[in-house]
Amino acid sequence: MSALPTATERLLRYSLVAVWLITAVVSVRELHGQSRDLLAGVPDALQAAGWTTALILGGAAADAVLGLWMACRPGRAAYATALALMAAMTALATVIQPDLWLHPLGPLTKNLPIAAILWVLLQNTPHPRRADRP
């Protein structure tokens, strides 16, 4: 695959940076509102033990780290990690609330183009050069 023009790569990357950073902020801001509502499928015992709050804050922290990582030190490792985390969060959301796939605003279906963007960025970022071995 040919390399993306620099401006295109930046546009794709910074759009994802915005998604991750905004999601982190909104997740914490809505800790006792929409964020908690999204985890309504978590069993009551886990909710009572504080796991819902831990999941929300842990996810927000991961989103913030990924957003900052892609903004400050973009590269194959950042894109691969973002793709893996997005896949894991999508799988977790599917287990907790599978009906989100049918939501009219597409909170999970939007992950499909995000995955495609991450894949394109990953494929268009050169591998770090390996030192020749003696």
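The values are calculated or read from the model by the stated rules, or taken from the named source; none is laboratory data. It should be emphasised that the depicted structure is a prediction, and the values quoted were computed from it without experimental measurement. Using ideal geometry, Cβ is built from the backbone for each residue, glycine included, and neighbour counts are taken over all protein chains shown.
Here's the yes/no breakdown for (1) loosely packed, with under 15 Cβ neighbours inside 10 Å; (2) in contact (Cβ under 8 Å) with a residue 60 or more places away in the chain; (3) out of contact with any Gly (no Cβ under 8 Å at 6 or more places or on another chain):
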position: A80; (1), (2), (3): no, no, yes
position: A87; (1), (2), (3): yes, no, yes
position: A91; (1), (2), (3): yes, no, yes
position: V95; (1), (2), (3): yes, no, no
position: L100; (1), (2), (3): no, yes, yes
position: I114; (1), (2), (3): no, yes, yes
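So which residues in segment 23-43 are charged (D, E, K, R), loosely packed, with under 15 Cβ neighbours inside 10 Å and modelled with pLDDT under 90?
First, pick out the residues of segment 23-43 that are charged (D, E, K, R): 29-30, 36-37.
Retained after the next criterion (residues that are loosely packed, with under 15 Cβ neighbours inside 10 Å): 29, 37.
Listed by number, the list holds a single entry, D37.
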- Task: Quick one: which residue in D63, D37 is closer than 18 Å to R13 by Cβ, part of a helix (DSSP H, G or I) and of a type in the set (D, E, K, R)?
- Result: D63
- Note on the structure: When (1) of a type in the set (A, V, I, L, M, F, W, C); (2) surrounded by fewer than 19 Cβ atoms within 10 Å (Cβ to Cβ); (3) at pLDDT 95 or above are applied to W20, the one that fails is (2)
- Which residue out of L46, L92, L55, L83 is in a helix (DSSP H, G or I), at pLDDT 90 or above and either under 29 Å from N124 (Cβ atoms) or not hydroxyl-bearing (S, T, Y) (or both)? L83
- Message: Pairs please, first residue from segment 1-27 and on the phi < 0 side of the Ramachandran plot, second anywhere and of a type in the set (S, T, Y) and at pLDDT 95 or above, Cβ atoms under 9 Å, 6+ apart in sequence or on different chains.
- Response: R13/Y79; L16/Y79
- Message: Taking the criterion of being loosely packed, with under 15 Cβ neighbours inside 10 Å and either assigned to a loop (DSSP other than H, G, I, E, B) or among the polar types (S, T, N, Q) (or both), would at least one residue in segment 9-16 satisfy it?
- Response: yes
